[in-house]
1. Checking Arg136 against (1) among the basic types (Lys, Arg); (2) in contact with a helix residue (DSSP H, G or I) (Cβ under 9 Å, 6 or more places away or on another chain); (3) over 21 Å from Gly55 (Cα atoms), only one condition comes out false. Which one?
2. With respect to the numbered conditions (1) exposed (fewer than 12 other Cβ atoms within 10 Å of the Cβ); (2) within 20 Å of the chain's Cα centre (by Cα); (3) on the phi > 0 side of the Ramachandran plot, which one is the sole condition not fulfilled by Gly111?
3. Within the range 6-48, which residues are under 17 Å from Trp194 (Cβ atoms) and of a type in the set (S, T, N, Q)?
4. Scan the range 156-172 for residues that are part of a strand (DSSP E or B) and either surrounded by fewer than 17 Cβ atoms within 10 Å (Cβ to Cβ) or touching an Asp or Glu at 6+ places or on another chain (Cβ under 8 Å) (or both) and report the count.
Amino acid sequence: MTTDLIDPTLDQAIAYLTTFSAQPPESKAVVEALLTAEKTAKQTKVRHSYSELLGTWRLGFITGTKRSRQRAGVVLGAGRFLPKWVKIQLSYSPSEASQEQGTVVNSVELGSLQLVVTGPTQFFAKTNILAFDFTRINLSLFGLKLYNGYIRGGQEREASFYDKPLKDKAFFTYFLVENQAIAARGRGGGLALWTAL
């Protein structure tokens, strides 16, 4: 397992997500470990590069969010491990034009149904933010393509993606980037943990 993660709970979570023999840690402990890793990354001003994110990652743990009328703004909901029969993968690949740009592929497999969305990415190294947009979709059942094309307005969004300000884009703020796992906070405030394939 990884040896340089901030909290041993994350090592245990990664072991559970990548093997069949490990026991999962408590979801609450994983959320706390992710929050600690995020806080440490901010305090130490850790900077990552887009090249560190390249490859394919499987989503294994997520938290929900709920709006709060209090000053806290977004409050994390309970975290949970995704069932192992749900296969959600995220792949980043580079662009020839820039070291900070590329493509994202997000695939979801539920039995014989596969949904794949793709689009452009842009990495902001100073803030560890990876902006993205899903502009194309491919839907297949038993390997037979049901639909392949642009999502509504996708062609225009893809063409103008790099001209738009960050505030108009979806994004992840990565605070943990390791050989075997990555973790980020989404624009909506939730946390996610992926493991390497």
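What follows draws every value from the coordinates through simple rules; no lab data is involved. Since we're looking at a predicted model, the values are computed, not measured. Heads up, the Cβs are rebuilt from the backbone with ideal geometry, glycines too, and the neighbour counts pull from every protein chain shown.
1. (3)
2. Of (1) exposed (fewer than 12 other Cβ atoms within 10 Å of the Cβ); (2) within 20 Å of the chain's Cα centre (by Cα); (3) on the phi > 0 side of the Ramachandran plot, only one is false for Gly111: (2).
3. Thr9, Gln12, Thr18, Thr19, Ser27, listed by residue number.
4. Counting residues in the range 156-172 that are part of a strand (DSSP E or B) and either surrounded by fewer than 17 Cβ atoms within 10 Å (Cβ to Cβ) or touching an Asp or Glu at 6+ places or on another chain (Cβ under 8 Å) (or both) gives 1.
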